[in-house]
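Asker: Right, I'll just put the structure down here and ask away after.
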């Protein structure tokens, strides 16, 4: 008998794709809603959005790090402060966009929720 890979408490003889799973965990897994089939274009759009947001986040992070590495800069005090503030704001906005993209994709994959702006495209 094997230990359930999910709850790690129950012994089981049931296997799902070679992974031991107890009856309780199997029932919970079956009860979860699946992403609707036929939404490959929605999935691709969400993955593309996440990829774009991640790329923007990486660029903003490298810009912010370059600005921080330039301290003390030769810019006058108010300009240098504003430049650093702008870089921090851009990084914050890029990270928020990345989190939103992650949440949209996760909602679609875990709960089958299609974002409103993508429902209109269908």
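The values are calculated or read from the model by the stated rules, or taken from the named source; none is laboratory data. Keep in mind that this is a model prediction, so the values were computed, not measured. Here the Cβ positions follow ideal geometry from the backbone for every residue, glycine too, while neighbour counts run over all protein chains shown.
Asker: Going by the structure shown, is residue 4 touching a helix residue (DSSP H, G or I) at 6+ places or on another chain (Cβ under 6 Å), over 27 Å from residue 93 (Cα atoms) and at pLDDT below 85? Let's see the steps before the verdict.
Answerer: Details: touching a helix residue (DSSP H, G or I) at 6+ places or on another chain (Cβ under 6 Å): yes; over 27 Å from residue 93 (Cα atoms): yes; at pLDDT below 85: yes.
It is true that residue 4 is touching a helix residue (DSSP H, G or I) at 6+ places or on another chain (Cβ under 6 Å), over 27 Å from residue 93 (Cα atoms) and at pLDDT below 85.
Residues are listed down the side, and each one gets a yes or a no for (1) more than 30 Å from residue 107 (Cα to Cα); (2) part of a helix (DSSP H, G or I); (3) under 31 Å from the mean Cα position of the chain (by Cα); (4) touching a residue at least 12 places away in the same chain (Cβ under 8 Å):
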site	(1), (2), (3), (4)
44	no, yes, yes, no
50	no, yes, yes, yes
56	no, yes, yes, yes
60	no, yes, yes, yes
65	yes, yes, yes, no
68	yes, yes, yes, yes
80	yes, yes, no, no
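Asker: How many residues are over 22 Å from residue 111 (Cα atoms) and in a strand (DSSP E or B) when one looks only at the range 1-33?
Answerer: Looking only at that region, the number is 7.
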